[in-house]
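The values are calculated or read from the model by the stated rules, or taken from the named source; none is laboratory data. Quick caveat, the model's predicted, so the values are computed rather than measured. Counting neighbours? That spans all protein chains shown, and the Cβs are built from the backbone with ideal geometry, glycine included. Note: accessible area is taken over every heavy atom of the protein model, side chains too, but ligands, DNA and RNA are not part of it. Shrake-Rupley method; radii C 1.70, N 1.55, O 1.52, S 1.80 Å.
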Amino acid sequence: EDEPKVEEVDEKKEKKTKKVKEVTKEFEVLNKNKPLWTRDAKEITKEEYGAFYKAISNDWEEHMAVKHFSVEGQLEFRSILFAPKRAPFDMFEPSKKRNNIKLYVRRVFIMDNCE
């Protein structure tokens, strides 16, 4: 009579689950071209040089001459130098911001007042 009764109790505990939003991003490559100075000079057309010159110099005219070269040794770099057709009209303005040589290291822009 004094025996304990064993009963199975069916307890269903509801586990609280967190709802997590998953964010995915898709990137589209806009500029698929390699930079001009990393390419071989024989592969680049005159039109590509002209478009690049106009983009970096804000000049409306074509350049007079271009020199594309690379140097290897203790120091290693590639360079493109442009000579404009005419001097800028505000060349001797003291307050004008100068467009100096732009320095890139491993395709990353470092500074534009490299002297």
If you take the residues of the range 55-74 that are in a loop (DSSP other than H, G, I, E, B) and among the polar types (S, T, N, Q), which of them is farthest from the chain's Cα centre (by Cα)? Q74
Out of curiosity, is K67 touching an Asp or Glu at 6+ places or on another chain (Cβ under 6 Å), within 25 Å of I101 (Cα to Cα) and open to solvent by 60 Å² or more (accessible area, probe 1.4 Å)? no
What about I44, is it at negative phi, open to solvent by 70 Å² or more (accessible area, probe 1.4 Å), in contact with a Leu (Cβ under 9 Å, 6 or more places away or on another chain) and among the β-branched types (V, I, T)? no
